């Protein structure tokens, strides 16, 4: 990842075709350990490709992965149906209970172990 980041940093700085020496100088400038084998492998893999196309292909692959986190939000939003007011009432009651607990702090002293 460090090699990729240094390569892209060189690209962002305006270097259209960063070399291994450019990446090495970035590593040296921040005091990072330079791994020549990983750098050689990286340059052998990207030598005939456009970086913009590689990034686009990577985004497509990442988009195909399922994170599993978005389904719950859709179910909650979809579960309200036509009774939106009823769905909001329990949340308001919970908030009131939490506020009451926060207000009671035993005469201004907070306990670490409550």
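The values are calculated or read from the model by the stated rules, or taken from the named source; none is laboratory data. What you see is a predicted model; the values in this text were computed from it and never measured. Counting neighbours? That spans all protein chains shown, and the Cβs are built from the backbone with ideal geometry, glycine included.
Criterion first (surrounded by 15 or more Cβ atoms within 10 Å (Cβ to Cβ), in a loop (DSSP other than H, G, I, E, B) and in contact with a helix residue (DSSP H, G or I) (Cβ under 6 Å, 6 or more places away or on another chain)) does residue 7 satisfy it?
Details: surrounded by 15 or more Cβ atoms within 10 Å (Cβ to Cβ): yes; in a loop (DSSP other than H, G, I, E, B): no; in contact with a helix residue (DSSP H, G or I) (Cβ under 6 Å, 6 or more places away or on another chain): yes.
The answer is no for residue 7.
Do we find a residue being closer than 13 Å to residue 3 by Cα, over 24 Å from the mean Cα position of the chain (by Cα) and exposed (fewer than 10 other Cβ atoms within 10 Å of the Cβ) anywhere in region 50-70?
Just the residues of region 50-70 that are closer than 13 Å to residue 3 by Cα, to begin with: none.
No, because not a single residue in region 50-70 is closer than 13 Å to residue 3 by Cα, over 24 Å from the mean Cα position of the chain (by Cα) and exposed (fewer than 10 other Cβ atoms within 10 Å of the Cβ).
Please indicate, with yes or no, whether at least one residue in region 40-48 is loosely packed, with under 10 Cβ neighbours inside 10 Å, modelled with pLDDT under 90 and assigned to a loop (DSSP other than H, G, I, E, B). Outline the logic, then answer.
Initially, region 40-48 is screened for residues loosely packed, with under 10 Cβ neighbours inside 10 Å, giving 44, 47-48.
Applying the additional criterion that residues be modelled with pLDDT under 90 yields 47-48.
Then keep just the ones that are assigned to a loop (DSSP other than H, G, I, E, B); that gives 47-48.
Yes.
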Next item on the list: State all residues of region 11-35 that are surrounded by fewer than 10 Cβ atoms within 10 Å (Cβ to Cβ) and touching a helix residue (DSSP H, G or I) at 6+ places or on another chain (Cβ under 8 Å); if no residue qualifies, say none.
Entry: 33
